Amino acid sequence: MTTKISLSEAASFLGVSRATLRNWDKEKKLQAKRNPVNGYRTYDLNDVIKMKKSLDSNNHSQVSVEEDQTIDAKTIKLLITRLHNIIRNNDASSNAITRFDEISKLLFLKLCEEKGEDDFFSPRLFEDNEAYLNRLQKTFFKEISAFPCVKSSDYSQLKISSAVLVECGKELAGISLSKASCDIRGVAYEDAIRASFDKNDNQQFFTPYQIVDFIAKMFRKVLKGTVCDPACGTAGFLCKASQLNSSCHLLGLEVDERLAWTSCLNLRIHGHENFSINLLKDGGSLGKEAKKYFNKVDVVLTNPPFGSDYTDSNILNSFILGKNRSSRRRGILFIEQVWNLLKNNGFAAIVIDQSVLNAASCLDVRRFILSHFKILAVVDLPETAFMPYATVNTSILFLKKILTTPKQENVFFAKSQNIGRKNNGDDDFIYSENGDVSLNCDLEGILDQWEMFKKTKKVNGNCFVTALNFDDEDSLRLDYAYHHPFREKSQETLKRSAYKLVPLAELCDERNESMIPSAELTTTAIQFTGLANITSFTGCATRIMTPTASIKSAVKRYEFGDIIFSKMRPALRKCAVMKFDDGGYASSECTIFSIRRSDDGREIIDPDLLCALLRSDFVYGQIMGCITGIGRPRISGKDLRKVLIPVPPEEIQKRALIAMDSAMKSAKQLKEKAKLLLDEANDLEVNSLTSISNIMSGI
């Protein structure tokens, strides 16, 4: 009776790859037969034994063994996708998270296997599926037992059927992860993490790798000793820290068992060995178990969960920032806990939401920061940085623990406009004319400025350095906008003004005719100007005929000559004089100003001049310290009405108007010339192709 064996069994017996066997089949060196049911190759055992003897007698010299493979991130990503599909197609009850768990276990097992010489993902000769599962299960449990944070059977045992495991084993047997660098394996695994996880009950989402890289590089020169992330998630910060200094001891603290387990795997897959991930169930890093790590950490890199409130009274009362409160946001408590974890003169980089730096409700937090840390740097991030998980204005605080009240001087401030990430979470690439690809990211530029600052104490661009001076000791604002030089320049201009300074509230009346069109108007459509219809910085605005029924929120009426000013995102400088005879309606996010007239009926200030001033750095410098809000920054009407406007005599206003009109005409002419030149260049490119075609055709 002839015994048939599978492709994997034959490959294991002969000590060659499955790809080699397929080639031999095509070359008729060792021919296979197809299983009539599934089409898989099968081999006659007698033929395989004969080939084995031939290989041994020729010392394998006549046989082409497996060629070196180039294993890149794409190859590993495809492997992970295939494993995902195998589990999904064979287990209808699985979901993205449970599939990720099992894939992680298999990758871990593969890395353990490659430390030895035994290719145990290839089934042994005559080994059935159950025996195969038991063998791998035993090996996995032995290896994973070295992880103190893994206690649950969910992570210490393989949770897939023997048939599924055999199919996955076939994929894993055909690839060598050791031929890929740790970085490549890590990138591929992190992609699998991002594809599997979403925001969950602990308000966890995963820090974009661009921000992780940036934070670790800002502290590159101080990364030493014990580097800790007290909300380690999937250990992104710890992986990056170890890449920059492999001698660091990595300490991760985590409240979620799945993430603790994933952190261990991620660090292993990145090739790191000197780490400990600790699962703190009772309150996580904010609970009593964290006390054993107090004053033992050299550097903290973290993005703590800010979005949820902590209500455990026992834990709250153990914090200065939580004492006698019924609740406090977790991220605020983490700021204090970071100080507890650090050694004296230790360093911390922590991602915080903007309200910590500017909201009145967080004044006590700012006082704590100013009295316990030396502030090294504040880096403002774009509000899209964490989309699609969250739309929130965030900053990164770079701090040094000081036991005595520190002097806050030479603080580095920077603002990022793009971190290389689209609103949907995908990488945002830009392409040069020669086809080079790079991330649309300005974080590297900020790093360069940081390094220049440390060497020369000078910076430029969107960066500045200042000592922290506060106009109002009751606010102690720490945000980028409050300390920006625009404010100082505006204040200096106000002091030097030769003309009377008038509050905006005295120059203008506020038109407040508000209504909800769909509920209150009988017309079928209105002329509507939304924020999208006002161009930033230019003073240009349009109106769109919009169905009344489609506008469910309030709008404001404007008339000819009124000024529209956007209170939301005032940094965009959306302000325009409306020149439509029949007026129209504007978004409720706008303030509508009508300029007052003097006793002789003349406007106190020309509308175009006032509108230009409201778009200028001069006015923005006055209001930028008043802008608040996490997701939708805005200025209140009260603060806007306090803006001071110089009102010179009429002849000076006329000179200013002439200068402004002249500048606008020159700008328009330059834009037209630029457009003509661009059109000419495009025509030249197209015509050159025709010329080449004619030359090549002999015409």
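Ellipticity at 222 nm from helices only: DSSP H runs of n ≥ 4 in the chain, each -39500 (n - 2.57), divided by the residue count, give -12500 deg cm²/dmol. Projecting the Cα atoms of S693, I76, A612 onto the charge dipole of the chain (Cβ charges, centred on the Cα centre) puts I76 farthest toward the positive pole.
Stretched out fully, how many nm does the piece from T81 to N682 gain, at 0.36 nm a residue minus the Cα gap?
Details: separation 601, 0.36 × 601 = 216.36 nm, distance 4.34 nm.
Working it through step by step, the gained length comes to 212.0 nm.
Counting pairs of alpha carbon atoms under 8 Å apart in space and at least six apart in sequence, what relative contact order in percent does the chain give? Could you put the intermediate results ahead of the total?
Working: 1169 pairs, mean separation 51.1, N = 699.
Dividing the mean separation by the residue count of the chain yields 7 percent.
If both residues of a DSSP beta bridge must be in the chain, then about 70% of such bridges are antiparallel. Give me the log10 of I(q) over I(0) for segment 333-480 at q = 0.10, 0.14, 0.19 Å⁻¹, as the Debye formula computes it from C-alpha points; what are the numbers? The Debye formula, applied to the Cα set alone, gives -0.40, -0.75, -1.23. Put +1 on the Cβ of each Lys and Arg and -1 on the Cβ of each Asp and Glu in segment 331-436; which of C362, N345, P388 then has its Cα farthest toward the positive end of the dipole? After comparing all options, I get N345.
On the protein heavy atoms, probe 1.4 angstrom, tell me the percent of accessible surface of the chain carried by carbon and sulfur.
On the way: 17330 of 34400 Å².
Percent of accessible area from carbon and sulfur atoms in the chain: 50.
Ignoring lysines fewer than eight residues from K579 along the same chain, the ones with Cα atoms less than 20 angstrom from its Cα are K556, K654, K665, K668. With coordinates expressed along the principal axes, the C-alpha atoms belonging to the chain extend over 117, 85, 59 Å, beginning with the largest. Rolled with a 1.4 Å probe across the full set of protein chains, the surface gives S693 an accessible area near 60 Å².
Hey, can you rank 676-683, 273-280 by average C-beta count inside 10 Å, highest first?
Working: 676-683: 10.0, 273-280: 18.0.
Listed from highest to lowest mean packing, they are 273-280, 676-683.
At a threshold of 8 angstrom on Cα-Cα distance, excluding pairs fewer than six apart, so keeping six or more, what relative contact order does segment 351-431 reach in percent? Mind dumping the intermediate values first?
Working: 135 pairs, mean separation 27.4, N = 81.
Once normalised by length, the contact order is 34 percent.
Computed about its Cα centre, the charge dipole of segment 363-472 is approximately 800 debye, with only Lys, Arg, Asp and Glu carrying charge at their Cβ.
The alpha-carbon of K179 sits under 25 angstrom from the alpha-carbons of these lysines, leaving out residues fewer than 8 places away in its chain: K74, K77, K105, K110, K115, K142, K170, K240. Label positions at S697 and T456, each projected 7 Å from the Cα along the C-beta direction, are separated by 5.7 nm. Solvent exposure of the chain, expressed per residue, is 49 Å² of accessible area, with all protein chains present and a 1.4 angstrom probe.
Both numbers refer to the Cα atoms of segment 534-595; Rg and Dmax are 11.4, 32 Å. Rounded to 0.05, the FRET efficiency of the A146 and S514 pair, given R0 = 56 Å and the Cβ-Cβ distance, is 0.25.
The values are calculated or read from the model by the stated rules, or taken from the named source; none is laboratory data. Predicted model only: the values in this text are computed from it and were never measured. Backbone-built Cβ (ideal geometry, glycine too); neighbour counts: all protein chains shown. Only protein heavy atoms, including side chains, enter the accessible area calculation; ligands, DNA and RNA are left aside. Shrake-Rupley method; radii C 1.70, N 1.55, O 1.52, S 1.80 Å.
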